[in-house]
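Asker: Please find one structure pasted underneath; my questions will follow.
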Amino acid sequence: MTAIDRTRAAAAFKTYTDAYDAANPRIALKIEHTYHVAEACDAVAREQGWSPQDIDLAWLCGLLHDMGRFEQLRRWDTFKDAESMSHAALGVEVLFGETPAGAPAATSIRDFIDNPAEDELIRASIAYHSDFRLPAQLDERTRRFCDIVRDGDKIDIMRTIADSTVDTILKVDEDTFLASRFSTPALAAFDERRCVARDERDEAADYLVGLICFMFELVYPASRALAREQGDIYRLLDAPFGIVRPFTDPATRATWERLKKEMRAWLAGA
């Protein structure tokens, strides 16, 4: 097993991101998100009883999972993959390919870890972290690391959203959000206890359903425990985006009350 120098890896990450404008709140958000995901991967791996070497590797995969976000924002001024390119694929390019043209900083996987023995596993954990489903052909060990990165990412996305305004995340004001309704496909996903696919989100309210559905697909028991302990899922249920006013439409309001009740019951048994 390859030894990982966390101090060196963290310094390499900081060197890379220092070339981007941390005064930009979206850059600052992704830097903070990265550290939180790495620590979540560490915490879950420890609770699941992984070896010290695998705990370090889980932490590193978490640290590297969103490396493509910084170039995505620089090139396209968006975090939306549909309006740019897959940030996961871009992360693989940044770490395992040539430096993108015009990039303010260069880095490679060798800046983070000398031995290439785990390169394919690390590459997979980055490439597939935001996919709706993992490829079926992954070997068991690679799947474990992909799962832990995906869990850590979901856990911290809930924190990020709970700390943000609806305007920041969805580019709509509170009144518009509260006037939106739940689409049938998004509600079907909730009732099936699974994540909501991108093409199943039609209205602003669907985004909220998608967020709380993250809980259903956390793979590791330690991930579910960590999410409950951190409490961001409860903040999303009680005051999504910090909004305490109810949905405008009575039917939408009633549906949201049902979803909250069912999610709380599910969390109690998760």
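The values are calculated or read from the model by the stated rules, or taken from the named source; none is laboratory data. None of these values were measured; they are calculated from a predicted model. Neighbour counts run over all protein chains shown; Cβ positions are idealised from the backbone, glycine included.
Asker: Pairs needed: first member in segment 95-116, over 17 Å from Arg69 (Cβ atoms); second member anywhere, surrounded by fewer than 14 Cβ atoms within 10 Å (Cβ to Cβ) and modelled with pLDDT under 95; C-beta distance under 6 Å; at least 6 residues apart or different chains.
Answerer: Note: no pairs meet the criteria.
Asker: Considering segment 18-29 alone, what residues qualify as being in contact (Cβ under 8 Å) with a residue 60 or more places away in the chain and either β-branched (Val, Ile, Thr) or outside the structural domain of Asp114 (by TED's automatic domain parsing) (or both)?
Answerer: Within segment 18-29, none qualify.
Asker: Still on this model: How many of the residues making up segment 171-203 are surrounded by 14 or more Cβ atoms within 10 Å (Cβ to Cβ), touching a residue at least 40 places away in the same chain (Cβ under 8 Å) and either outside the structural domain of Tyr234 (by TED's automatic domain parsing) or over 18 Å from Pro250 (Cα atoms) (or both)?
Answerer: So the count comes out to 2.
Asker: How about segment 197-214: which of its residues are touching a Leu at 6+ places or on another chain (Cβ under 9 Å) and not aromatic (Phe, Trp, Tyr)?
Answerer: Scanning segment 197-214 gives Ala204, Ala205, Asp206, Leu208, Val209, Leu211, Ile212.
Asker: Applying the selection to segment 51-99, what residues are polar (S, T, N, Q) and more than 18 Å from Cys41 (Cβ to Cβ)?
Answerer: Those that are polar (S, T, N, Q) and more than 18 Å from Cys41 (Cβ to Cβ): Gln72, Thr78, Ser84, Ser86, Thr99.
Asker: Residues to consider are Arg75, Arg123; find the one that is of a type in the set (D, E, K, R) and at pLDDT 95 or above.
Answerer: Arg123
Asker: Which one is surrounded by the fewest Cβ atoms within 10 Å (Cβ to Cβ) among residues in segment 229-270 that are on the phi > 0 side of the Ramachandran plot and in contact with an Asp or Glu (Cβ under 9 Å, 6 or more places away or on another chain)?
Answerer: Across segment 229-270, the extreme among qualifying residues is Gly242.
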